[in-house]
Each structure stands twice: as structure tokens, then as C-alpha cells.
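Since the structure comes first, as C-alpha cells, the remarks are kept for the end.
The values are calculated or read from the model by the stated rules, or taken from the named source; none is laboratory data. Given the structure is predicted, the values throughout are model-derived calculations rather than measurements. Note: areas computed on protein heavy atoms with side chains; ligands, DNA, RNA excluded. Shrake-Rupley method; radii C 1.70, N 1.55, O 1.52, S 1.80 Å.
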Amino acid sequence: MVLRRLAVLALALASLGSAFAFQQPAFARGARHAAMVLDANTGAVLHNDDGDEARHPASLTKMMTLYLTFETIEAGRLSMSDRVKISQEAASQAPSKLDLEVGEDISVGDAVRALITKSANDVAVALAEKVGGSERNFVRLMNTRARELGMKNTNFENASGLPHRAQITTARDMITLGLRLQDDFPNHYRLFATRAFSFNRSTYRNHNTMLNNFQGIDGIKTGYTSASGFNLVSSVHRGGRHLVAAVFGGSSAASRNGEMRNLLTRALNRASTVKTRKPMPSLIARLKAAPKLAERPKPIAKPAVQVAAALPALVLKPVAAAAPVTAEIANVAVAETAAAEIAAPIDVFKVKRIMVAPRQGPRPPAPRPDETTDMAPEGAPDETASLPTAPFSAADAPGPADQLAQTFAAEGLSAT
């Protein structure tokens, strides 16, 4: 009897060690993971695993940066040959980047390709300043456009996707954006299939390796931060079928890609070959009217549990809805708000050259690789997340005494 009790005790202690070793990673994956697959021919959702839960987008954010860039080009206010100058703010961004120096410039066309392939954060900020006058103004445009596209649960805080606890989205919203990029800008969307980009005697391969090993993939974007895990939005055309899918929170690029391949393969067997979905009206026509004021959106009402504690502390000052703006009213509005805390209204037509005073003091050191987008090695440890990656703490786990008591009870024994 004594030997039996000792054996049960040893088994219980071994089980307890296993519980502590594996319980937290399981919770962590659950808090970051999400997946959704949409039949783009019909608009039907073919797979949904937490697709409406708040997640960090990482470099998927650049899809909206590119959307606004394409929009400005189509409106005739920017061209692929225009030059984008690197400001101090742009040059100071963390990797992944092209490492351009302050004052250097790059064409809009090369800037677009750098975002698609290299996911360059310095170029993302420079492009945002080119289109919006400043990154802060550009972010307001991003959020305004997100609401108009139907991205109800997305909030942007920067143009690059670098870590920010209030920068959130959902798998559904990113699929919506990916589909609108295809519907609204079919000619520009082809650039998402770029496999390599050459600039300044260097060649950069596209981080989206699905382009190389899955038939029919035509884009679109990868992303990574330690808080988000490995993210991917993919689009595939095969046999008359068209799918757009998103996977969030992969533990590595390889595992994320593997899940995406499985989801797409299964969904292709169920997808329709008949297109019945009608694309939404393009927003380009609105750009040819009088400029509208870009507003910062109100906070998301019910974000996921991992950001619920952080968002209430964020002060987002709502801006009253703007009335229809004529040229005269727009001019008055600009003058009246020039000294206000919220930046001046944004004219999305004008490409502004701005002079940025150099920062005082030494340039800040670049963050560690696991803190940046699209730079961490596969399976990088999640030790520097900007938010807790799971609603889990040691206090939530049953104590050793509780687990031992449960084990003894299952054996019909007493712990005493």
C-alpha cells in the first residue's frame, strides 16, 4: 500500500511539472491565434476561428499604407516616379528597413516595392509623410478610410505596424482590406506578387514565401512582432476559384505558412467557381471632390481580452463629424485649427514637402530583432511582447496541493 502511494505521488509530481511546462504556451497561442477564409467569388466565409477577435496586425498595417498610396496615385496627386525624401523620423525607425540616411530619397515606385517585399519601416514612414504631410495626419487618414471600407474593429497608430498596444485589427478586417486592394486597384495589386526587389545594388526577397510554393498565390502580406506572432494574409486564384485568407499568431513563419496551406487546400474544394459577389463602389470618386477632414476614430468598444486593460487608459479625443466641406470652408477650418492640439485638417490631394528639424542627442539604438516587424527568426522567443500574449498568470493555475488532492481522489486515496 505504501509503495502504491509513493508511485501515485511520483506520477502526480510528474504530471504537475508537465502542466506548468505546457499550460502557458497553450494559452499564449490561443490569445494570439486567429484564422479566417473567405470565398471571394461569393463573399461566403468558409472558415472562421476567432476571426472577429482583436489581434495586433504587425506589418499587415502596411496594406493600408499602400491602399492610401494607390488611392492618391489614382486621384492624380502622386505618381510612381515622384521622389520620397527620408526624414529624421523615418530614418530612426526600427528594422526591418532599407537603412536610408536622412535626406536620401527614393521613388514612389521603389518605395511601394520596398514595403511589399522588404517590409521596410523607414520607407513606410517616409511614404506616409509624403502622402499625409506627417505620419500623424496619415494615421488619421488610415482610420477614416478603414471605417469607410467596413473595417469596424481596426485602429491604427502608425504607418509601419511597429509595436503599439492600441494598434489592433481582426482577421475579418484584414481580409476586407486585402479584397478591397484587389477590387479597387487591380493594376497596382499585381505588385504584391513581386518576388524580389533590387535597390542600391542590393536585392531583397519577398518575405511572403507562399508565392514560391503554393499554386495560384498572388500575394499579399506578412507581418511579425513579438506581441502578434507571425501573421499572413493570402490571396489565391485557382480553377476559377478565388480565396482570401488570414492567419494570425503563428509560432513561426513555417508553422503559419503550413496552417495557411491547409486552410486554402480544404477551402478550395468547397469554393464556388461562379462569381456572384459584387465589388463595393470605389472611393476614388470622392477624392476628386472637395477635401474632407480626416477624423481620429473613437476607441474600439470591446477589444479582445489581451488589450482590454490597455485601451481604457488610452485617451482618444473624438472629433465632431465634419459637415460637407467646400473650398472656402476647408480654408477656414485649416486656419482655425492650426494651433489646436489635433493637427490641421488633411488635404489628401496635396503632396507636402516638410522640413524636419534634426533630433538632439545621439540616434537611439535599434531594438532587438524580436521586437521588430518581419525580422525575427523562425520560432523566436516571445520575451519582449509589448502586451501580455495571454490572459494567464501563475495565480490562475491550480496549486500543487490542489492538483495532488485531485490525483489522490481519482485513485480513491487520501493525501494524509
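Residue separation times 0.36 nm, minus the C-alpha to C-alpha distance between Ala75 and Asn48: what's the value?
Extending this stretch completely gives an extra 6.2 nm.
Leaving out ligands, DNA and RNA but keeping every protein chain, what accessible area does Tyr67 have, in Å² rounded to the nearest 10, with a 1.4 Å probe?
Here the accessible area works out near 0 Å².
Using a 1.4 Å probe on the protein chains only, how many percent of the accessible area of the range 145-290 belongs to carbon and sulfur? Numbers along the way, then the final one.
Details: 2880 of 6000 Å².
About 48 percent, which is the carbon plus sulfur part of the accessible surface.
What ranking of Asp99, Asp110, Asp105 comes out by heavy-atom accessible area, probe 1.4 Å, highest first?
So, going from the largest accessible area down, we get Asp99, Asp105, Asp110.
Report the accessible area of Thr222, computed with a 1.4 Å probe over the heavy atoms of all protein chains in place, in Å² rounded to the nearest 10.
10 Å²
Could you estimate the translational diffusion coefficient of the range 193-237 from the Stokes-Einstein equation, with Rh from the Kirkwood formula over C-alpha pairs, at 4 °C and 1.567 mPa s, in whole µm²/s?
111 µm²/s
Starting from the Cα-Cα distance between Val102 and Ser282, subtract it from 0.36 nm times their residue separation and give me the gain in nm to one decimal.
Stretched out fully, the Val102 to Ser282 stretch lengthens by 61.2 nm.
Tell me, what is the percent relative contact order of the range 216-262, built from C-alpha pairs under 8 Å that lie six or more residues apart?
Taking the mean separation of contacting Cα pairs over the length of the range 216-262, I get 32 percent.
Kindly identify the range 58-210 as rounded, prolate or oblate by the Cα gyration tensor criterion: order the square roots of the eigenvalues as a ≥ b ≥ c, call it rounded if a/c is under 1.5, otherwise compare a/b with b/c, prolate if a/b is larger, else oblate.
Judged from the Cα gyration tensor, the range 58-210 comes out rounded (a/c under 1.5).
To the nearest 10 Å², what's His207's accessible area with a 1.4 Å probe?
The value for His207 is about 60 Å².
Output the pairs from Lys130/Lys221; Lys97/Lys152; Lys221/Lys278; Lys85/Lys152 with a Cα-Cα distance over 26 Å in this structure; if there are none, say none.
The pairs that break the limit, which is 26 Å between Cα atoms, are Lys97/Lys152; Lys85/Lys152.
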